[in-house]
Every structure is written in structure tokens, then in C-alpha cells.
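Since the structure comes first, as C-alpha cells, the remarks are kept for the end.
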Amino acid sequence: MRTKYEPNSFAVYKGKIYTAYTKDCFIRLRTYDIKDVEENGFEKYVPKSSSSDVKGLKDVSPYEVSEYYEQRFKAVYKNIPVSIIVGDDDSVEIEANNIPWEILEKARFKARTKVNSEKL
């Protein structure tokens, strides 16, 4: 389940920006515009819940997109610039990069081991 502050990935395909994610060796594009299904070769998507606004999906080669990028939310916590990893209105998981550990310890940050995970 996605959270309010989860990073979003985007791809530019044929001059249009789509939400996207990597799947196997492809980039899966999501469209919220039914015209993309009719005109741009997207497969019609039938959502499992009524809360989804996605109208179509399309797998493309990474060579077919002109850009692929991730948008993250930024914040300042105890005067330290951080990135929000995931979270909602009650709590967030944050990450502080390129800040000396002594400063993070004083701000009561906890060390975390990085774990690689795949997007399902």
C-alpha cells in the first residue's frame, strides 16, 4: 500500500510525462487519460478497487523514454535537511545524507542498515 509521502517515479514518453516504475527490464507507464489507451497503444487497465484512477498501462524499453526520475519530498527536521522516505499524517521515515554522524546523534537520529528491496 502506498503512503502519502512515498516517492513517485516519472518518465517522459513521446513528450508526455507519465507516472512510472521499473519492472523487469522495462519501464511501466501509467496513464490517467483514456485517450492514451485509444491513441498511444496503452493496454486498458481494470482496477481492483474503485479508488484507482489509472486508465491504462504500457511497458516500454528504457531507450524509448527521454527521461526517468524520482520525486521525493524534502523537509527540515531540527535544522537538518532531510528526505522523506515514506509516511503519512501521523509519522514519517526520514533520511539525512551528507550530514556528519555527530550532528545526527545530537538530533537523536538512529542508525539504520540499508536493505535492498524490489518493487512488486
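Across region 7-46, what is the total count of residues that are under 24 Å from ARG72 (Cβ atoms) and part of a strand (DSSP E or B)?
The total comes to 20.
Among ASP53, ASP59, ASP88, which is modelled with pLDDT of 85 or more, under 18 Å from the mean Cα position of the chain (by Cα) and among the acidic types (Asp, Glu)?
Going through ASP53, ASP59, ASP88 in turn, the sole match is ASP59.
Would you confirm, using the coordinates I've provided, whether LYS16 is over 30 Å from ILE99 (Cβ atoms), surrounded by 12 or more Cβ atoms within 10 Å (Cβ to Cβ), at pLDDT below 90 and of a type in the set (D, E, K, R)?
No: the conditions fail for LYS16.
Could you tell me whether ASP53 is touching a residue at least 60 places away in the same chain (Cβ under 8 Å) and either assigned to a loop (DSSP other than H, G, I, E, B) or of a type in the set (Lys, Arg) (or both)?
No.
Just to verify a result, which residue in region 70-80, among those that are over 10 Å from ILE94 (Cβ atoms) and surrounded by 12 or more Cβ atoms within 10 Å (Cβ to Cβ), is nearest to the chain's Cα centre (by Cα)?
The qualifying residue nearest to the chain's Cα centre (by Cα) is ARG72.
Only residues that are at pLDDT below 95 and touching a Leu at 6+ places or on another chain (Cβ under 7 Å): list them for region 30-50, please.
Of everything in region 30-50, those that are at pLDDT below 95 and touching a Leu at 6+ places or on another chain (Cβ under 7 Å) turn out to be ARG30, TYR45.
Between a first residue in region 69-92 that is in contact (Cβ under 8 Å) with a residue 12 or more places away in the chain and a second residue that is aromatic (Phe, Trp, Tyr) and assigned to a strand (DSSP E or B), which pairs have beta carbons less than 6 Å apart while being 6 or more apart in sequence or on different chains?
Every condition considered, the pairs that remain are TYR69/PHE10; ILE84/PHE73.
So SER66 ticks every box in (1) surrounded by 13 or more Cβ atoms within 10 Å (Cβ to Cβ); (2) assigned by TED's automatic domain parsing to the domain that holds CYS25; (3) of a type in the set (Ser, Thr, Tyr) but one. Which box is left unticked?
(1)
Within the group SER49, SER9, which residue is of a type outside the set (A, V, I, L, M) and surrounded by 14 or more Cβ atoms within 10 Å (Cβ to Cβ)?
It is SER9.
Filter region 24-42 down to the residues that are more than 18 Å from GLU67 (Cβ to Cβ) and surrounded by 12 or more Cβ atoms within 10 Å (Cβ to Cβ) and list them by number.
Answer for region 24-42, where residues must be more than 18 Å from GLU67 (Cβ to Cβ) and surrounded by 12 or more Cβ atoms within 10 Å (Cβ to Cβ): TYR32, ASP33, ILE34, VAL37, GLU38, PHE42.
The values are calculated or read from the model by the stated rules, or taken from the named source; none is laboratory data. Bear in mind the structure is a predicted one, so any value in this text is a computation, not a measurement. All Cβ positions, even for glycine, are placed from backbone atoms using ideal geometry, and neighbour counts span all protein chains on display.
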